[in-house]
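Participant: Here it is: the structure, laid out below.
Please treat every number below as a calculation from the coordinates, not as lab data. Everything numeric here is computed off the predicted structure, so don't read it as measured data. Cβ placement follows ideal geometry from the backbone for every residue including glycine, while neighbour counts extend to all protein chains displayed.
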Amino acid sequence: MENNAELRRCLTATDLTMLGIGAIIGAGIFVLTGVAAATQAGPAIILSYLLAGIACSFAALSYAELSSSLGGCGGAYSYAYASMGKFFAWVVGWDLMLEYGMDASTVSIGWAGYVQSALHAVGLSIPAALMTDPSSGGIMNLPAALVILLLAGILSLGTKESARFNEIVVVIKLAVIALFIGIGLFYFHPENWHPFFPFGAQGIVNGAGLIFFAYIGFDAVASASEETIDPQRNLPIGILLSLLVCTIIYILVAAVLIGMAHYSTLNVTSPVAVALLGVGHRFAAEIVSIGAIAGLTTTILAMYFSFTRIFLAMSRDRLFPQFFAKIHAPSQTPRRLIWIMAVVMAGIAAFFPIKHIASLVNIGTLAAFIAVCASVIVLRITKPDLPRPFKIPFSHVIPILGIILCLYLMTSLSRATWIGFSIWTAIGLLIYAVRRYFFCNQVAGSCHADSGC
């Protein structure tokens, strides 16, 4: 049974915080920390995490204010719509498609790799042809597709059920991280922190640009607004608390990792496991793979959840066909949209070599953060009387600082990333122009209030 009912309000502040932690802490903590330290910042990677966290905090405060006053399931897209109109909202929504949709698909490929490694540890394996896309000589990446379909089943059961699953897996990965920190403290060597700035001050910025990928996800909380109990209170708590907790965890893990092993030895795909093996803890190194699988699972779930909610919001606004805006009454979820997107994302993960597109996720996210900060400024001017249960302190400064820092981090990204992002944006603008021409000029004959033009 399908209808246009609202989504079910069932998420608490705890659910939202765990959703944010589940989205933020993924493979980045097990991979990017070592790579960024070895190639960009050295021990100063600790400051890189702090810099990236500060940049995110400005955006998070902006998200918190807008989510408490505007609500809706579209996150940054909805805020751009309310402050700057449909065209800018489409651009932001298109960027979010890049962040959430591509992130879920690419992370599922990483998930498949970790599962294969875990199976190898117990003497099992998946045939190489079923682990590789056709362009790389295989048939398909079957595990990557299956995990997306599995999570589609969980999401379609209901939002509360999905939240419970997420919380269980988050507890598992936090336990693994605590195990690593506990062991690492016994093998901490302060001399590994010297020199602290081997790549200079610019290395801190470059490191922040690289590990920024690890912070992507707290904004996913904003897309759960329509399904949140008392969103004016709980959304700001979920957004800000999840970011704070994850920033502390990242800094602790980075500090312990660099103390266990010299940064120059950590440019590997599994630096945490390498550090544990270096001090003779083989079993703990194997446990880390379980934590990585858990981390990737909740990241895919959160990105997938947010992707469907933003797509739903855009469909309600007629930027996509309203066919996608139907709500399944028994589960009070967009079940039709969930499964259609599952087929699309599973197909991408199974048959396309999209690992090179992963770098675009960073720039798409930074662009969305800039739009959110700008939305706060615009709404403070155009709608000064809008009720704001949560208000940003120093409201004339923080959004501007957020924009400046995000732009600064964008400058550290490669030229290839900028070219790819420009192409993606151009495709989005072309789709918008074609859609407007055919649906407004030819079909509708004129633009009116509910035409979506």
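Participant: Which Rg and Dmax, in Å, describe the Cα atoms of region 21-94?
Facilitator: Over region 21-94's Cα set, Rg and Dmax evaluate to 16.4, 45 Å.
Participant: Take peptides 386-392, 236-242, 189-195 and line them up by average Cβ neighbours within 10 Å, highest first, as a rough protection proxy. Each step should come with its number before you reach the end.
Facilitator: Working: 386-392: 15.6, 236-242: 23.9, 189-195: 11.4.
Ranking the peptides 386-392, 236-242, 189-195 by packing returns 236-242, 386-392, 189-195.
Participant: Something else about it: Strictly greater than 13 Å: what percent of every Cα pair in region 388-437 meets that?
Facilitator: Details: 874 of 1225 pairs.
Considering region 388-437, 71 percent of its Cα-Cα pairs are separated by more than 13 Å.
Participant: Another question about this same structure. Can you tell me the orientation of helix 142-157 relative to the chain, as the angle in degrees between its alpha-carbon axis and the longest Cα principal axis, to the nearest 10?
Facilitator: 50 degrees
Participant: Between Cys73 and residues 5 or more places away or on another chain, which pairs have amide H atoms under 5 Å apart, with H built 1.01 Å from N, and which residues are they?
Facilitator: Those qualifying (amide H under 5 Å, at least 5 residues apart or on another chain) are Glu226.
Participant: Further question: Over its Cα atoms, what ratio of radius of gyration to 2.2 N^0.38 Å does region 88-192 give? It would help to have the intermediate numbers written out before the result.
Facilitator: Details: Rg = 18.5 Å, N = 105, 2.2 N^0.38 = 12.9 Å.
Expressed relative to 2.2 N^0.38 Å, the Cα Rg reads 1.43.
Participant: Please give the helix 358-382 orientation as an angle from the longest Cα principal axis of the chain, in degrees from 0 to 90, rounded to the nearest 10.
Facilitator: Helix 358-382 sits at roughly 50 degrees to that axis.
Participant: Would you kindly calculate the translational diffusion coefficient of region 139-262, applying Stokes-Einstein with the Kirkwood radius from alpha carbon pairs, for 20 °C and a viscosity of 1.002 mPa s, and quote it in µm² s⁻¹ without decimals? Don't jump to the answer; show the numbers that get you there.
Facilitator: Values: Rh = 17.8 Å.
Approximately 120 µm²/s, per Stokes-Einstein.
Participant: So what's the chain giving for Rg/Rh, alpha carbon basis, Kirkwood Rh from the mean inverse pair distance? Intermediate values should be presented prior to the final figure.
Facilitator: Values: Rg = 21.6 Å, Rh = 22.3 Å.
The Rg/Rh ratio comes out at 0.97.
Participant: Mind running the shape call on region 205-266? Use the C-alpha gyration tensor, a ≥ b ≥ c as the square roots of the eigenvalues: rounded below 1.5 for a/c, prolate if a/b tops b/c, oblate otherwise. Kindly include the intermediate steps, with their values, before the conclusion.
Facilitator: Values: a/c = 4.34, a/b = 2.61, b/c = 1.66.
Verdict is prolate for region 205-266.
Participant: Taking 2.2 N^0.38 Å as the expected size of a compact globular protein, what ratio does the Cα radius of gyration of region 285-425 give against it, to two decimals?
Facilitator: On the way: Rg = 19.0 Å, N = 141, 2.2 N^0.38 = 14.4 Å.
Dividing the Cα radius of gyration by 2.2 N^0.38 Å gives 1.32.
Participant: How far is helix 103-121 tilted off the main Cα axis of the chain, in degrees rounded to 10, range 0 to 90?
Facilitator: The helix 103-121 is inclined about 30 degrees to the chain.
Participant: Consider all pairwise Cα distances in region 16-147 and report the whole-number % of them above 18 Å. The partial results should precede the final answer.
Facilitator: Values: 6050 of 8646 pairs.
Distances greater than 18 Å cover 70 percent of the Cα pairs.
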